[in-house]
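Peer 1: First, the structure itself, so that you have it in front of you.
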Amino acid sequence: MAHRQMADSDIKEALGISVQMAQSTRKRLVLGGLEAALFDAPHTGRPAKFDGKDRAAITALARSEDPEGHARWSIRLLAEKAVELNVVDGIAPSTVFYMLKKTRSSRTAKDSGVSRG
């Protein structure tokens, strides 16, 4: 049976993936065989500090009633309140910001109750 080599751009179109993914998969196949091409190797690095439960609790807090004495939640206030409520041991306001950003919540919209201040 004849083997027809496909261009990465053809693979991209056929599978709906990026050219980069086609190239990296082809490279893994050549260097490590079929198993290496089909399955990701274990990832290195530090595991995530916060899980989905933590993210959900902080998102729910951001959507809760405005804190006393404030017009709306700020990212700093959310971080402080999450620690106070033992949702997390500690969290930087920037981490709270990125958590909420991943939920596609508008942190500054009137209906979200959160501001960056």
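Each reported figure results from applying straightforward, stated rules to the coordinates on display, with no laboratory input. For clarity, every value in this text was computed on a predicted model and none was experimentally measured. So basically every Cβ, Gly included, is an ideal-geometry build from the backbone, and we count neighbours across all protein chains shown.
Peer 1: Working only within region 77-95, note down all residues that are of a type in the set (S, T, N, Q) and over 19 Å from the mean Cα position of the chain (by Cα).
Peer 2: Listed by number, the list holds a single entry, Asn86.
Peer 1: Also, I was wondering about something else. Given the conditions (1) in a loop (DSSP other than H, G, I, E, B); (2) more than 30 Å from Ser9 (Cα to Cα), report the number of the one that Ala56 does not fulfil.
Peer 2: (1)
Peer 1: Say we look at region 53-76 and pick out the residues that are without any contact (Cβ under 8 Å) to a residue 40 or more places away in the chain and more than 18 Å from the chain's Cα centre (by Cα); which of these is surrounded by the most Cβ atoms within 10 Å (Cβ to Cβ)?
Peer 2: Restricting to residues being without any contact (Cβ under 8 Å) to a residue 40 or more places away in the chain and more than 18 Å from the chain's Cα centre (by Cα), the top hit is Leu61.
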